[in-house]
Amino acid sequence: MAKRKRSQRSGHKRRTFARILTVLLVLLLAGTLLFTCGRDTIRRTAYPRKYEEYVEYYAGKYDIDPLILYSFIRTESNFNPQAESHAGARGLMQITEQTFDWIKSKIAPGENLTFDDLYDPETNIRFGSYFVSCSLARYHNDLATAAAAYHSGWGTVDDLLGKADYSSNGETLTEFPYPQMRRYVEKITGAYAKYREIYAPES
């Protein structure tokens with residue numbers, strides 16, 4: 001009789017321990033899930049995909065990874081369509097009037113668009129996407145060199161490509177000698193790496 005009671009108590013302890021272990025495992029899994037979801041939400045808030053309809057459309061039209069465009073928009077204006085720089089660049093992708101006029105001559109020569117239309121998100125993304133695509137094509141799809149050109153102009157980058165200190169092949173930059181240019185390139189490439197880390201697994 002005593003043995004049976006001891007056996008029952010032992011069995012009860014094992015069942016209690018198993019239940020506690022199960023509860024702990026469930027709590028651990030729930031905590032891990034909440035942490036992962038919370039972390040992903042924070043990262044997606046920091047690196048959003050706003051104006052997705054326009055970005056995806058013009059990325060497809062000009063054959064660009066849309067995550068590159070999000071990286072430019074985030075870096076240039078943090079998705080503020082009314083943004084304006086001290087140099088007078090406007091909108092989501094911070095396009096200057098001179099660049100606007102050049103792009104308009106290429107993709108919208110007969111359209112009644114003015115510099116003020118760059119405050120319109122679709123127009124700005126349309127024009128900015130074209131310029132990014134041209135920069136990527138000009139510099140062999142090297143994002144860092146294209147970003148330097150978007151920031152400082154093709155002429156500046158072309159001049160640097162002719163100097164062995166900054167380019168080993170005359171086609172892409174390996175060094176960025178100007179502090180503002182270097183910081184800009186780091187922001188673009190860093191943002192793109194983050195966007196790929198967060199969103200590329202979905203594709």
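Every read-out reported here was derived from the displayed coordinates using simple, explicitly stated rules and does not represent laboratory data. Values in this document were obtained by computation on a predicted structure and should not be read as measured data. For neighbour counting, all protein chains shown are included, and Cβ atoms are generated from backbone atoms with ideal geometry for every residue, glycine included.
The loop-placed trypsin sites (Lys or Arg not before Pro) in region 127-193, going by DSSP, that have at most 16 neighbouring Cβ atoms within 10 Å of their Cβ come out as Lys163. Sparsely packed loop sites in region 138-203 (the GluC sites (Glu not before Pro) outside DSSP H, G, I, E and B with at most 12 other Cβ atoms within 10 Å) comprise Glu171, Glu175. Only Cα sites of region 49-189 enter the Debye sum here, all with the same form factor; the resulting log10 I(q)/I(0) across q = 0.21 1/Å is -1.31, listed in q order. At full extension, Asp63 and Asp116 could sit 16.4 nm farther apart than now, given 0.36 nm per residue minus the alpha carbon distance. Taking label points 7 Å from Cα along the Cα-to-Cβ direction, Glu197 and Thr174 give a separation of 2.7 nm. A crude spin-label estimate for the pair Phe79 and Thr22, with each label 7 Å from Cα along the Cβ direction, gives 4.3 nm.
Length gained on full extension, Asp40 to Ala108: 20.5 nm, using 0.36 nm per residue less the C-alpha separation. Computed over the Cα atoms of region 143-203, the ratio of the radius of gyration to the Kirkwood radius (Rg/Rh) comes to 1.07.
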